[in-house]
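Some notes on the structure that comes next.
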Amino acid sequence: MSLIKCFSCEGSGIESRANMNTACIDIECRRCNATGQCPEIMREWAKLGEKYKNQRRASETSVRARAKEIGCTPSDLCKAEAGMIDPREIYKEGEE
């Protein structure tokens with residue numbers, strides 16, 4: 001598996017920073033697990049997941065309703081739409 005610089009955190013391993021009272025907390029990147037690198041295929045998954053998410057939103061279908069329609073958990077649907085897992089495993093052929 002070929003690794004690339006994580007495109008979510010730009011290789012920093014930090015997805016975002018949050019201010020909690022007086023402390024600044026780094027939120028680790030979920031895509032690369034804070035390593036700064038992710039599998040190259042995730043870029044394709046992210047594009048495909050975005051396409052499916054836009055189609056779901058255009059049809060005004062909630063995550064919960066779409067997950068029930070296609071037989072998966074809402075959590076897995078969110079991961080697929082974010083490109084964290086292969087969306088083709090969730091959205092079967094013809095379900096677009």
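For the subset of segment 68-92 comprising residues that are surrounded by fewer than 16 Cβ atoms within 10 Å (Cβ to Cβ), on the phi < 0 side of the Ramachandran plot and part of a loop (DSSP other than H, G, I, E, B), which member is modelled with the highest pLDDT?
The residue in question is 73.
Please verify whether segment 10-29 includes one or more residues that are buried (at least 16 other Cβ atoms within 10 Å of the Cβ) and either assigned by TED's automatic domain parsing to the domain that holds residue 67 or in contact with a Phe, Trp or Tyr (Cβ under 9 Å, 6 or more places away or on another chain) (or both).
no
Mind checking which residues of segment 5-63 are of a type in the set (S, T, N, Q) and under 19 Å from residue 86 (Cα atoms)?
Correct list: 8, 33, 37, 54, 55.
Among (1) farther than 30 Å from residue 70 by Cβ; (2) touching a strand residue (DSSP E or B) at 6+ places or on another chain (Cβ under 6 Å); (3) without any contact (Cβ under 8 Å) to a residue 24 or more places away in the chain; (4) of a type outside the set (Lys, Arg), where does residue 23 come up short?
(2)
The values are calculated or read from the model by the stated rules, or taken from the named source; none is laboratory data. As the structure is a computational prediction, the values presented were derived from the model and not from experiment. Because the Cβ atoms are built from the backbone with ideal geometry, glycine has one as well, and the counts that use them run over all protein chains shown.
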